[in-house]
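Read the structure below first, then the notes.
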Amino acid sequence: MTTPQALRPWMAWALAAVIGAGTTQSLGAQNTLDARIQAVRNGTLRFTLPAAPYVCGNGSSWYRSRDGRSGSYYGMWNGSTSSKDVETICDRGPVRIVVVREEGDTRSLRHYVGGRWVPQDTVTDLGAVSAAEGGAWLLRQAERGGDKVARTAMNAALLVDSLTPGATLLRMARDSSRSQDVRNSAVFWLGEVVGDRVAATLDSIAYEPGDREVRRTAIMAMARRPKDEAIPALQKLAESLPDRELRRTAIMALAQTRDTQAIAWLERRMNGKE
């Protein structure tokens, strides 16, 4: 069948559009953050991400509000503190990620907040990356990477803007194939995640049979939650956990809150009034 001459230009345009779309999709796939990192078999890469509004840093240390909402920064510095003579400037980002690759594998990560990159000719700079793409990459490294990479990736992910790592942290906390160290880190950071379901999640981990140390970490993470969540949850754990040692952990966590309601409850328990 012969194509009418009048239709041939339109068919050529349509074919070019299809080929162009395919090329664009291929280039897009090649330009994803993961693909750009995978393209470096041996070497060091770096990129930046938007920081969450409750995070700041001075390049060598970072700081975050523990409740994720407060405008004041009352958590602990991750590194050196300012001296009594010089005020430390706390930049509101960006989050800086350094990736070390060896033989096609990500062997280590480093993360910073604020400051400026030191010029290095041997480092591949990927520039600014969106919070969604960079955050998702960090969570994949947390879930799939070796222990050292996983711990750093978890730590860094909680600094990224608009990232909700709770589901990943929960899977890691319950993954018996991971080391106790990684699972403990996941439970610890669950205690730092802001959300209405965090208390229930930590509560369920504390009751699950299995690794006592992971369950103990869940109880201590509960104690770091806002007191209106932590106090009733710890009281329940102190009363009803089947494991005597873990009940003792819940009681110690209650005492350490120094909350008047918690102390009064402990006194009533000791006097046999409850």
Report the gain in length on full extension from Asp211 to Ala132: 0.36 nm times residue separation, minus Cα-Cα distance, nm rounded to one decimal. 25.1 nm
Residue-count net charge about Gly43 - beta-carbon cut-off 15 Å; Lys, Arg +1, Asp, Glu -1: +1
Over region 118-274, what is the relative contact order in whole percent, taking alpha-carbon pairs under 8 Å and six or more residues apart? 13 percent
For the pair Ala39 and Trp117, how long in nm is the line joining their label points, each one 7 Å along Cα→Cβ? 1.5 nm
Take Thr32 and Ser204, extend 7 Å from each Cα along the Cα→Cβ direction, and tell me the distance between the two endpoints in nm. 2.8 nm
Keeping all protein chains in the complex and leaving out DNA, RNA and ligands, what accessible area do you get for Asp125 with a 1.4 Å probe, in Å² to the nearest 10? 80 Å²
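The values are calculated or read from the model by the stated rules, or taken from the named source; none is laboratory data. Nothing here was measured: the structure is a model prediction, and the numbers come from that model. With ideal geometry, Cβ positions are generated from the backbone for all residues, glycine too; neighbour counts draw on all protein chains shown. These accessible areas exclude ligands, DNA and RNA; they are computed on the full protein's heavy atoms, side chains included. Shrake-Rupley method; radii C 1.70, N 1.55, O 1.52, S 1.80 Å.
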